[in-house]
Each structure stands twice: as structure tokens, then as C-alpha cells.
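K.L.:
Mind having a look at this structure? Questions to follow.
The values are calculated or read from the model by the stated rules, or taken from the named source; none is laboratory data. Quick caveat: nothing in here was measured; it's all calculated off a predicted structure. For neighbour counting, all protein chains shown are included, and Cβ atoms are generated from backbone atoms with ideal geometry for every residue, glycine included. Quick note on the areas: whole protein, heavy atoms, side chains included, nothing else; ligands and nucleic acids left out. Shrake-Rupley method; radii C 1.70, N 1.55, O 1.52, S 1.80 Å.
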Amino acid sequence: MDIDTEALFAPITINGHAVKNRLSVAPMTRISATEDGRATETMSHYYERFARGGFGTVITEGIYTDQAFSQGYVQQPGMTDEVQANAWKPVVKNIKSHGAFAIAQMMHAGAISQANRFRDTTVGPSSVQPKGEQMTFYHGNGGYALPAAITDEQIADAIAAMAASAARAIEVAGFDAIEIHGANSYLLDQFLTDYTNTRADRWGGVTENRVRLILETFKAVRGKLGAKTPVGVRISQGKVNDYHHKWADAERDAEIIFGGLADAGADFIHVTEFEAWKPAFASGGPSLMNLARRYAPKAVILANGSLHNVEQAVAVLNDGADIIAIARGALANPDLPKRLLDRGALNDFDPTILGPIANIKESELAM
């Protein structure tokens, strides 16, 4: 192994839990659960490939957390009851059998839900039409529904359900850690986003109010799990339906958001941008990942965004990230860490893996 990649294979600790290297599989929606939200044998094989291939951390796709408004996609997996939690057991066992750290991502789709077997309507922070079109590779069709403004009671229910699902993920399914999905235009990010959150109550207005749902959800999950289970949050500016969005107050917003997570005690912060190393705001300025490091100095920082290039990944580690989360590169190379160690050639990403529907393909499991 040459010196350039050595940093990728240094161990790290997240809240007392050892992680064997700095390479993680990023969360990716693959809609391969049963219709009633149970993880499948196909999913078990899919996730195990990454762990067997040497990734130190495996983060799941977004898991819906309640039997109300959280589900976003057809055949999305859930964690809303014991049946769903038990279905995850073989998946987690397979990941951990290869020494990988297993993180469950908890997600509430909010206003950009495309399919929900529990409700025919959607909710968001405000009754604002979501931008863009539903994603066809997740069985979406046409524009998003106009959401109803979520009530205080429904907010409390969503927070409690997120915490209860996190507890099931740890205590029943056997995951090592929890990632709260506060990114990419799902419900928590909808509250953070100025144009989707026009509320005049304590959940809306200034950035300190708009980040409140993320922080309150984190505190509820932490309260349910205790201090020893690693809990982190995924944060982004861009969205699945608004690719180029930037925070209006730029670095001041970054200070409020990442500083708030630091004060709350987030064990890790997973920052995702299209190109993780690029300036977050002004040309020549710091990246969003770099700002997370600055304002949450004690948290482990995961960086995601076009980092399948090895030189780029190493450069980002040297710029403040602790762990590199890889999506397309992991789909193309489920054994990417082993290939790096063996100096093997890397496969290019083939977009047909995610088309016409983004479910897990037999051809992937044969890789």
C-alpha cells in the first residue's frame, strides 16, 4: 500500500466504538424491501458485499420511522414495529460478521413522499408546493402533492416515532449506531430550508428556529438510547428536488447548524455535497465539510460527494474529514477497500445499475 492511501486505512473511534478504516458505504435508496416494509434476503446479500469487501462502515438506505407520514417510497424498508425490526437482524448480522460498523439511517420523507401505504396525503412544515418532479426510478410520476402544514401534535408524534424506531434498530435489529436524516429535502431538511418553511411559530423564521426540529429529534433519539450509542446527523444544502440550493446566510448558517449539533452532542455529522471538496459558498472559501469540522470540532465528520476518486478522498481526509462515504464508487466496486489495498483497478460506475428502477439487481449480487 503506498503512502497516499494509508490514511484511508487508519482506524478511528466513534463514541468509544472502534471503526477499522475511513471508508464507508453512503446511504442509497434501493427500494428492495417487501411491500409492508420488511428487509429481504436480497438486501442482506447486497449489504454484506460491502462489508466483505472491506468497508469499515456501512450506512443503510433511509428507513421510515412511523405508520403515519414518514414513508417516502414503494418498497422502502421500515423500523416501525417488531416485525420490521426483526427482518433487519440477518442484514445487520451479515454486515457485522465482516467487522464492519453498521449504521441505521432514520428518515421521514415529509412533503416529498412519493408513496405511503399508511396515508394518502403528505405533510411538510408549511403548505408549500415542492419543487421538481417525482423520481421515476423510485416509481414516482409527475409533480409532488401539495402537503398539509404539519401540526404541533404531529411534530411531537414524528419525533417520538423517530426515537422509538432508533431504539428498535439498536435493541432488536442489532445496529451499532443511528444516523438521523436531516438532509436532501426530507422532512427535517424541509424545516431547515427557508422557502419550504414559512411558519411563524417556534419552528419557523430565523435559522435557529428552523434547525430546531433536527436538534429536538437528535435529543429525543439520544434520550431513548443513552449516551453510549453513537448518534449522528446527515446534513446537506442540495436536495433531491433542488440540486443547487445554498443556505441563504452562508457561513453564518453553517455556524448555527453545525454549532447546534455540536452543543447537542452529535457523535458524528455526515456532510453531503455534490462535490465534497468544493467551496460551500464564495469562490475560494471553505467546503461545507470543512465548516462542519470548524464548528463541531469534537464530532467525527463524514464527507460524501464524488469521492470515489482515491486522490480526492485522501485530499478531503487531509482537509478535515474523518471518514469518506462513497455511493457510486461502492456500487461499482463493492470491494473497493480491498482493491485499494491490492492496488487493483477500479470499475467505473455503470448508471444502468439504477435504471429503469433503482432496486437491487441480480447482476450486482453476482459482483
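K.L.:
Answer rounded, prolate or oblate for the stretch 166-322, using the Cα gyration tensor with square roots of eigenvalues a ≥ b ≥ c: rounded when a/c is under 1.5, else prolate when a/b is larger than b/c, else oblate.
P.N.:
Cα axes put the stretch 166-322 in the oblate bin.
K.L.:
In Å², what does the accessible area per residue of the stretch 39-147 work out to with a 1.4 Å probe?
P.N.:
33
K.L.:
Counting only protein heavy atoms, what percent of the accessible surface of the chain is carbon or sulfur at a 1.4 Å probe?
P.N.:
For the chain, the apolar C and S fraction of the accessible surface comes to 51 percent.
K.L.:
Normalising by the residue count of the stretch 230-367, find the relative contact order in percent from Cα pairs under 8 Å and 6+ residues apart.
P.N.:
Answer for the stretch 230-367 is 18 percent.
K.L.:
How much of the DSSP beta bridge set in the chain is antiparallel, as a percent to the nearest 5?
P.N.:
Roughly 10 percent of the DSSP beta bridges within the chain come out antiparallel.
K.L.:
Do you know the relative contact order of the chain, to the nearest whole percent, from alpha carbon pairs under 8 angstrom that are 6+ apart?
P.N.:
Result for the chain is 18 percent.
K.L.:
Okay, moving on. Using 31 Å as the Cα-Cα cut-off, could you pick out the over-long pairs in Lys219/Lys239; Lys20/Lys361; Lys219/Lys361; Lys96/Lys361; Lys278/Lys338?
P.N.:
Correct reply: Lys219/Lys361.
K.L.:
Let me ask something else about it. Is the shape of the stretch 184-264 best called rounded, prolate or oblate, per the rule: a/c under 1.5 gives rounded, else a/b larger than b/c gives prolate, else oblate, with a ≥ b ≥ c the square roots of the Cα gyration tensor eigenvalues?
P.N.:
prolate
K.L.:
Which distance in nm do the two modelled labels at Ala200 and Ile357 give, with both placed 7 Å along the Cα-to-Cβ direction?
P.N.:
4.6
K.L.:
Same structure, new question: Excluding ligands, DNA and RNA, what is the solvent-accessible area per residue of the stretch 149-211 at a probe of 1.4 Å, expressed in Å²?
P.N.:
Here the per-residue accessible area is 32 Å².
K.L.:
Could I ask something else about it? If the chain between Thr151 and Leu365 were fully stretched, how many nm would it gain, using 0.36 nm times the residue separation less the Cα-Cα distance?
P.N.:
Once the chain is fully extended between Thr151 and Leu365, it gains 72.7 nm.
K.L.:
Looking at the square roots a ≥ b ≥ c of the eigenvalues of the Cα gyration tensor of the chain, which shape do they give, rounded for a/c under 1.5, prolate if a/b is larger than b/c, or oblate?
P.N.:
Note, shape of the chain comes out rounded.
K.L.:
Which loop GluC sites (Glu not before Pro) in the stretch 239-339, with loop taken from DSSP, have no more than 15 other Cβ atoms within 10 angstrom of their Cβ?
P.N.:
Glu275
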